[in-house]
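The values are calculated or read from the model by the stated rules, or taken from the named source; none is laboratory data. Here the structure is a predicted model, which means the values were calculated and not measured. Here the Cβ is made from the backbone with ideal geometry for all residues, glycine too, and neighbour counts use every protein chain on show.
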Amino acid sequence: MYATAIARRTHLALVLAAGAVLMAPATQARITEIQITATESPTFGGFSWPGVGQYEKIVGKAFGEVNPHDRQNRDIVDIEFAPRNARGKVEYSFNFYILKPIDLKKGAGKMMYEPPNRGGKTWTALGRVSGGGDDPGSITDPAVLANAFFMPRGYTLVWSGWEALGTLDTFNASANLPIAKFPPTAANPTGTITGPSYEYIVVGAAAASVALSYPAATLDKTRATLTHRVHLDDAPQVVSASGWNYNADGTAISLVGSSFIANDIYEFAYTAKDPKVLGLGFAAVRDWMEFLRYERRDEKDNPNPLAGHIKRVYTEISSQPGRFLNDFRHLGFNETENGKKAFDGHMQWIAAGNGLNMNYRFSQTGRTERNRQNHLFIEGRFPFANVRTFDPITRQTDSRYASCEKTDTCPLGVEIYSANEYWVKSASLLHTTPDGARDLPDSKFTRNYFMSSMRHGTAATPAGTPPGTPPARGLCQQADNPLNSAPVQRALFIALDEWATQHKEPPHSRVPRLRDGTLVPPLPQSGMGFPNIPSPFADGPGPLVTYTGLKTTRYHFDYGLNFYETGIATVNPPLFPFTTPSYQDNPGNGPIYPSFIPKTDSDGNDIAGVRLPDVTVPVATYTGWALRRGAQASDGCEASGQFIPFAKTEADRAKTNDPRPSVALRYPAFADYHSKLRNALEQMVADRLLLCEDAATEEARLMQVGLTRGVPPPQSGVLPAIQVLAACEPKKHHGRKDRDDDD
C-alpha cells in the first residue's frame, strides 16, 4: 500500500491470526456471479458500422469475494474487520454496463474501460459522440454515430462501479462495499468502529442542511466543532453549539435559524462511526478485469459475455477516477491474483500525480483538492511520480510503479493533464523531485503530456453561438476557458494502443522543465511572465486582470501516530483551526513539497507543453487558473480557467493600453491567419498529436474562431475549402479498423 507497506502487513497478519474467524483456504479472489438485468440487441438504434456491424448493450450486477489473507489484498485498510461469508471471504458487488459488437469476431479484441467519475460516464468527448448521458446505447442519431471514435474501430466499452455511492440511477455505476466492525466485546457488543472525521462544506446555493459522509457516533455536540469563514485565508470562526444541530440519526447537520451561505467555507470535525472498507473498490476493478479477460463462466455457470475475445484493455478516465488508478497501480492491483495484468494501458486525463482519498478509515472518495477546497483530505501524498524518488520529509524512496515493476505487471501510461493541475493539484511533482530541485526523467512505462493553458476540462461556448464566443463567467472574474483537448486525447489513445501492440514509442513527453526555465514559481508575476492585461469586465477588484499567484501548496500533514503505515487517522483534521492563515506556502501548516507552475509568453499563454493551434495561433489569452468574484473575490475559482480576448484592432488596444498585439496586427488578412493555422495542424499531425480524421473539423472550427474574434474575412466573402493536410495524404493515412497487430 505505502512505501512502508510491510509494517501494515505485519500488523494485519497479527490481527488476523488473533481473530475469531478461521483462516479460509488460499483460493483466489474472483467474480462469483454476474446477473444480467437488461439487454438491448441491437442498441444504438440498430446503427451498423462497416466491418464491425451492430452493437448490443448489457446491463447488470456482479458479485465477488476476496481472501483477506492474500498478499494482494492485505493492504486494503480495515479488510481484517470486514464481515466474512461462510468461506471466510469478504464480499462486494457492483453494477456494470457493457457495449459490445454483437459479433465479437468482428470486433478488435480490445476493451475501453472507464472507471466512472462519481458514478457517471465521461467518455463522450473522447468518444466523439454527444448525448446519451449515462445510457450511451440510447444514442440513435446516425450522423453522431457515424463519426464515433471507438465503435468503428470495434472496441468493446465497459463501465463498472468501484465507489460506494448508494442508490443511483439505472445506468450509473456504484459498488456495495461492507462496513468494518470490530469483533464484539462486552464493552462494544455491536463492534462499532468510531474515529475522527472531517467535512469541508461549501454549498452552491443556500442550504438548510448538509449531509455528513459518515453518521455521527454521538449526538453530543460538545464533541464536535463547526466553523465558518468567507475567504480561504480568513480565520475560521467557531459556530457555537447552540447555533447548529444534528438531525435525529446523526447523518446531517443544520444551522439554527439560518441556512448555510452559498460559497462560504464551513468545516466540521466530529467523531464518526461505521467506516466502509472502500479499498475493496480496487479489488473489484482488478477482479472484474480478470473475469472479462480470462474467464469463461462464473461459479453459477453464467457465461462471461466477452469470453475469449478481449486481448487488450485500456482505460479512459477524466479526473477523479484517474486518481483512483494512480493508487490502483501504486498498491499493486494491476496484478491479478493469477499473476496477470488487469490493464495493458492507462490513458489518464486531468489526474496528474495525485491519489484518491480512498484507502483509509473514514475516507471520502468524492473529495477533490483545488486551490480553495478540500486541502486537508488525504489526496496529495508521496509518491507523486512514476519513477523512483527520495522523499526528504519521510526519508522514503518509492514510485507509483514500484509494486508492478516487482511483478512485471505494469500498464503503459499516457498521462494528460491541464494547466489547472499545476495551479490546484501541484502537478509539477509528477515530473520533479519531491524537494523541487530537479527535473525527473520519464518512466519507461509512461509519458506525460501537459495541455498548455487549459482549465480542468472544457468550458462550453454558449448554446447557439459560434466558436470563439466567450464562455460564461460563472463565479469567476473572467470568462471561462473553452480549450478542448479531446482531439489530442484521441491521438494519444491510438499511440497508447500502438505502444502496447506494436511496441511503437509514443510521442515524447511535453511538460515544462526547471532546466529550461519553463517551470517557475508563481511569484513574482514578472518572473512567471503573465502580462498586465486590462480586464474586459468592470466589476473586478481593479482595472487589470487580477493576478495573485494563488496555487495549492503540497503539505505533508500529520494525521496522528502511524497513520502513514496503517491508513487510520487519530487526528483529523490535521490542523486546528482547520487551516491557519495564510494557507499558501506557510511552514506553520506543515512541511512543504515545493511545486511550480508553467511560465507564460508575453501574451499570457503557457510556453511549454502540447500547444493546441488555439494557443499557437492565438486570438486570446487562455489560462488554467481563475479567481472568484463577488463576496469571495480573489479566492480560487477551482477548476475554471480564463479566456481573455485580444483587442480586435490597434485602436481598441490603445484605448485600454493592452500590452498584447491586436488581432488585426497579428493577422492583417484571413490568409495570414489561415496559413498559420494549417501549419499548426500539420505539425500536430506530424507529432502524432492529432488524427487526420479530426483535422478537417478542427480547421473548420478554428477558421470560425478567427472570424468571431476579429480576423478579417476573406475578400471573396467565402471561406476557403478545406484541403487534406500534407501529413494526411492517403499513403500516410491509417484506416480506422483497429486490429491487434502483435497477434
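Hey, any hits in region 328-347 for a residue that's surrounded by fewer than 24 Cβ atoms within 10 Å (Cβ to Cβ), of a type in the set (Lys, Arg) and under 15 Å from the mean Cα position of the chain (by Cα)?
no
Being surrounded by fewer than 21 Cβ atoms within 10 Å (Cβ to Cβ), farther than 30 Å from Asn359 by Cα and under 28 Å from the mean Cα position of the chain (by Cα) narrows it down to one residue among Gly46, Gly137, Gly131; which is it?
Gly131
Among the listed residues Ala620, Ala626, Ala639, which satisfies the condition of being at pLDDT 95 or above, small (Gly, Ala, Ser), at negative phi and over 23 Å from the mean Cα position of the chain (by Cα)?
Step by step, each of Ala620, Ala626, Ala639 is checked, and only Ala620 is at pLDDT 95 or above, small (Gly, Ala, Ser), at negative phi and over 23 Å from the mean Cα position of the chain (by Cα).
Filter region 50-74 for residues that are in contact with a Phe, Trp or Tyr (Cβ under 8 Å, 6 or more places away or on another chain) and modelled with pLDDT of 95 or more and give the result.
Gln54, Tyr55, Lys57, Ile58, Val59, Gly60, Lys61, Ala62, Phe63, Gly64, Glu65, Val66
Look through region 686-703, keep the residues that are of a type outside the set (A, V, I, L, M) and surrounded by fewer than 16 Cβ atoms within 10 Å (Cβ to Cβ), and return whichever of them is nearest to Arg653 (Cα to Cα).
Thr697
Can you pull out the residues in region 518-532 that are touching a strand residue (DSSP E or B) at 6+ places or on another chain (Cβ under 6 Å) and surrounded by 18 or more Cβ atoms within 10 Å (Cβ to Cβ)?
Across region 518-532, the qualifying residues are Pro522, Met528, Gly529, Phe530.
Give region 598-642 a look and list any residue that's touching a Leu at 6+ places or on another chain (Cβ under 8 Å), part of a helix (DSSP H, G or I) and among the small types (Gly, Ala, Ser), or say none.
The answer is Gly630, and nothing else.
Tell me, yes or no, whether region 623-646 has at least one residue that is within 22 Å of Gln683 (Cα to Cα) and in contact (Cβ under 8 Å) with a residue 24 or more places away in the chain.
No.
Select the strands (runs of 3 or more DSSP E) contained entirely in region 384-492, then report the ones holding at least 3 residues which are in contact with a strand residue (DSSP E or B) (Cβ under 6 Å, 6 or more places away or on another chain) and either of a type outside the set (Phe, Trp, Tyr) or buried (at least 22 other Cβ atoms within 10 Å of the Cβ) (or both).
412-418, 446-451
Conditions tested, residue by residue: (1) aromatic (Phe, Trp, Tyr); (2) touching a residue at least 24 places away in the same chain (Cβ under 8 Å); (3) outside any loop (DSSP other than H, G, I, E, B); (4) in the same structural domain as Pro101 (by TED's automatic domain parsing).
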{"site": "Glu267", "(1), (2), (3), (4)": "no, yes, yes, no"}
{"site": "Phe282", "(1), (2), (3), (4)": "yes, yes, yes, yes"}
{"site": "Arg286", "(1), (2), (3), (4)": "no, yes, yes, yes"}
{"site": "Met289", "(1), (2), (3), (4)": "no, yes, yes, yes"}
{"site": "Arg293", "(1), (2), (3), (4)": "no, yes, yes, yes"}
{"site": "Pro305", "(1), (2), (3), (4)": "no, yes, no, yes"}
{"site": "Thr315", "(1), (2), (3), (4)": "no, yes, yes, no"}
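Is region 649-662 home to any residue that is under 30 Å from Cys728 (Cα atoms) and either of a type outside the set (Asp, Glu) or in contact (Cβ under 8 Å) with a residue 12 or more places away in the chain (or both)?
No, because not a single residue in region 649-662 is under 30 Å from Cys728 (Cα atoms) and either of a type outside the set (Asp, Glu) or in contact (Cβ under 8 Å) with a residue 12 or more places away in the chain (or both).
Do you know which residues across region 532-559 are without any contact (Cβ under 8 Å) to a residue 24 or more places away in the chain and in a loop (DSSP other than H, G, I, E, B)?
Hits for region 532-559 are Ala538, Gly542, Pro543, Tyr547.
Restricting to region 163-183, give me the number of residues that are within 22 Å of the chain's Cα centre (by Cα), more than 18 Å from Val66 (Cβ to Cβ) and hydrophobic (A, V, I, L, M, F, W, C).
4
Tally up the residues in region 29-55 that are part of a helix (DSSP H, G or I) and among the small types (Gly, Ala, Ser), please.
Within region 29-55, residues that are part of a helix (DSSP H, G or I) and among the small types (Gly, Ala, Ser) number 2.
Take Asp75 and tell me if it is within 30 Å of Thr185 (Cα to Cα), assigned by TED's automatic domain parsing to the domain that holds Phe171 and either aromatic (Phe, Trp, Tyr) or within 26 Å of the chain's Cα centre (by Cα) (or both).
Yes: the conditions hold for Asp75.
Counting just the residues of region 126-140 that are in a loop (DSSP other than H, G, I, E, B) and either of a type in the set (Ser, Thr, Tyr) or without any contact (Cβ under 8 Å) to a residue 12 or more places away in the chain (or both), which one comes out farthest from Glu56 (Cα to Cα)?
Among those residues, the one meeting the criterion is Ser130.
Output the residues belonging to region 704-729 that are over 27 Å from Asp652 (Cβ atoms) and either under 33 Å from the mean Cα position of the chain (by Cα) or surrounded by 17 or more Cβ atoms within 10 Å (Cβ to Cβ) (or both).
Within region 704-729, Leu725, Ala727, Cys728 meet the criteria.
What do you reckon, is Lys100 closer than 27 Å to Thr501 by Cα and surrounded by fewer than 21 Cβ atoms within 10 Å (Cβ to Cβ)?
In short, no.
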